[in-house]
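Peer 1: Supplied in structure tokens, the structure appears directly below.
The values are calculated or read from the model by the stated rules, or taken from the named source; none is laboratory data. On a predicted model such as this, the values are computed, not experimentally measured, just so you know. Using ideal geometry, Cβ is built from the backbone for each residue, glycine included, and neighbour counts are taken over all protein chains shown. To get the accessible areas, we keep the full protein, side chains included, count just its heavy atoms, and leave off ligands, DNA and RNA. Shrake-Rupley method; radii C 1.70, N 1.55, O 1.52, S 1.80 Å.
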Amino acid sequence: MATDFSKNAVEKPEPFKAEVKGTIPSWLQGILLRNGPGIFSVGDTSYNHWFDGMAIMHSFTFKDGEMTHRSRFLRSDTYTANMDANRIVVSEMGTMAYPDPSKNFIVKAITFLNHTVPDFTDNGASNFIKYGNDYYATSETNYIRKIDPETLETQEKVDYMKYLPVNMASSHVHYDKEGNAYNMGTSIAEKGKTKYILFKVPAVSERGKNVPVLKKTEVICTVPCRSMLTPSYYHSFGMTDNYFIFIEQPFKLDILKMATAYMRGVNWASCLKFCPEENTLIHLIDRKTGKEVETKFYTGAMVVYHHVNAFEDDGHVVFDVIAYKDTSLYDMFYLSKLKENTGFPDENYSKPSYKRFVIPVHSDKGIAVGEDLVKLKYTTANAVKEKEGKLTCQAEVLYEGLELPRINYNFNGKKQQFVYGNCVEESALSRQIAKFDTETKEVIYWSEDNCWPSEPVFVPRPNGESEDDGVVLVSVLNSNPGQSCFMLVLDGKTFKEVARAYVNTELHKDLVGQISRADTGIKNKHITKNSLNRLGRAQLAASQL
């Protein structure tokens, strides 16, 4: 059965108690938030790309073996402007919006200027971020929108630029066990320099609880861009106890082309360029000093959207990513392409590889050129010394065709064994999810006819006895006639179904999930204090992937 991914969603803001089959564990108490595009046409106008759609937010509240669901559109400035005009008037990455032909010259001139120096959208359709005790819907622009995780009501608009000079920021934030958040942004041509800024938003302290938490933002380090007018695109980064890992890949945003895109009648996505003849530079940044490790680490050209995890082992930093050989993934999500693609093999599809890189942190002095510095026995990844102090890294391929990776976030920055994700061997549209064992390479699958599972989110059981002791939550689109969509609950160990909760509305293909709160018997215990909640990652692909 085909699914129409360009169909406008219908919000259901009042909570509805789902019909549960099976048994939802009594310890599972809290809210799972999911976010993604929901409105694809306004009046006579339509978006070109699925990622451009206006955001719809879903919440799934688990309490005492029951689940309630609700959904709301994000009332962004973009949403308001488009709805008031009854047409798309705010441009997105894959869709350039032009004024109504009936508008006068002044309106058209203003529109032109707004696109020459872009004021980006606040349509936060790709993730949720938690800063302090507040939750924000976000994409990858300088704007985020505060939301109420209980009611999904839209609150104030926040501009990163008021707190630090970043024109774009990642939507994949990391959290430490104290509740501090870490993120990266790109500062374009600020004081004649383009740079990447790694920053920390501290957890709220009692003394500063009335002060907006973003006012306490600290810049940890800045990394100069290899080219001022073509900064690298990135969607996520890695973090261990002592290091940050940033991949500066040859997938770039051409700033000059962006400035003229509106005049040339093309979208901003066309200004992203992949340079396969160039290498990828891996930056290793010391968390304590904020300085880069002196050695330069390189690998071949690749496109990475999602980091899986990173950890340290015997003088090495090990990090896992989902890597592509080109940028064709973004093209798969043009709505015209999705109408052709029903999840079956696509000859133009570039399958991702789950790759493991290993970076030796110890000094390479006295090591001969051509020698491999990796000494770990459980991986075939290598790092070979080149001239001028460079190391060329080759990854070990652990798995082919996995995306939207999630782990037990209590193991973030630590050596973990299990990864949960969507199987995308033949198409970017996943019909199957998997649990992958990085040590044994064994894989367990779940799928059902005419069902489209979302990214799987692992929730650890309180005081769990093992890394995979918990449940996996999956929002499932069900295109079987007469059947409802449902929230699937799988056992984290066996990957077998524990329960499913049917909702009274259509669910939608979305981008990411985030636990906003999960209680373990202590009322209102929050993510900053509850290790059960430290799921700081949430994912999907390309400019809003």
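Peer 1: Would you calculate, for the chain, the mean residue ellipticity at 222 nm contributed by helices, counting each DSSP H stretch of 4 or more residues as -39,500 (n - 2.57) and dividing by all residues, to the nearest 500? Walk me through the numbers on the way to the answer.
Peer 2: Working: 5 runs with 42 residues, N = 545.
Helix contribution divided over all residues of the chain: -2000 deg cm²/dmol.
Peer 1: Quote the convex hull volume per residue of the range 402-459, based on C-alpha atoms, as a whole number of Å³.
Peer 2: Per residue, the Cα convex hull of the range 402-459 comes to 81 Å³.
Peer 1: Go through the range 361-423 and name the GluC sites (Glu not before Pro) that are in a DSSP coil and have 15 or fewer other Cβ atoms within 10 Å of their Cβ. Numbers along the way, then the final one.
Peer 2: Numbers: sites: GLU371, GLU386, GLU388, GLU396, GLU400, GLU403; in loops: GLU371, GLU386.
Filter output for the range 361-423: GLU371, GLU386.
Peer 1: So if I average 1/r over every pair of distinct C-alpha atoms in the range 33-85 and take the inverse, what Kirkwood radius in Å does that give?
Peer 2: 12.5
Peer 1: With r defined as the distance between the Cβ atoms of LYS496 and SER466 and R0 fixed at 22 Å, what FRET efficiency is calculated, to the nearest 0.05?
Peer 2: Computed FRET efficiency for LYS496 and SER466 comes out at 0.85.
Peer 1: Which loop trypsin sites (Lys or Arg not before Pro) in the range 439-509, with loop taken from DSSP, have no more than 10 other Cβ atoms within 10 angstrom of their Cβ?
Peer 2: Answer by residue number: LYS441, LYS496.
Peer 1: Determine the distance separating the Cα centre of the range 305-330 from the Cα centre of the range 44-93; give it in Å without decimals.
Peer 2: Taking the Cα centre of the range 44-93 as reference, the centre of the range 305-330 is 30 Å away.
Peer 1: Let me ask another. Apply the Karplus parameterisation 6.51 cos²θ - 1.76 cosθ + 1.60, with θ equal to phi minus 60°, to every residue of the range 177-187 and state each ³J(HN,Hα) to the nearest whole Hz, in sequence, with x for glycine and proline.
Peer 2: Listing the rounded values in order: 6, 8, x, 6, 10, 10, 8, 10, x, 10, 9 Hz.
Peer 1: I would also like to ask the following. Computed on alpha carbon atoms, what radius of gyration and Dmax characterise the chain, expressed in Å?
Peer 2: 22.5, 72
Peer 1: Just in the range 186-259: which GluC sites (Glu not before Pro) are loop by DSSP and have at most 11 other Cβ atoms within 10 Å?
Peer 2: Of the GluC sites (Glu not before Pro), the ones in loops of the range 186-259 whose Cβ has at most 11 other Cβ atoms within 10 Å are GLU206.
Peer 1: If you consider only alpha-carbon coordinates, what radius of gyration and Dmax does the range 317-426 have, in Å?
Peer 2: Final numbers for Rg and Dmax: 17.9, 58 Å.
Peer 1: Cα centroid distance between the range 254-279 and the range 185-248, in Å?
Peer 2: Value for the Cα centre distance between the two parts: 24 Å.
Peer 1: With a 1.4 Å probe and every protein chain kept in, tell me what percent of the accessible surface of the range 12-540 is carbon plus sulfur.
Peer 2: Ligands and nucleic acids excluded, carbon and sulfur give 49 percent.
Peer 1: Further question: Ratio of Rg to Rh for the range 1-51, alpha carbon only, Kirkwood?
Peer 2: My calculation puts Rg/Rh at 1.10.
Peer 1: What aspartates and glutamates could a cross-link reach from LYS325, if we take a straight Cα to Cα line under 13 Å and drop same-chain neighbours fewer than 8 places away?
Peer 2: Cα-Cα hits under 13 Å: GLU277, GLU278, GLU400.
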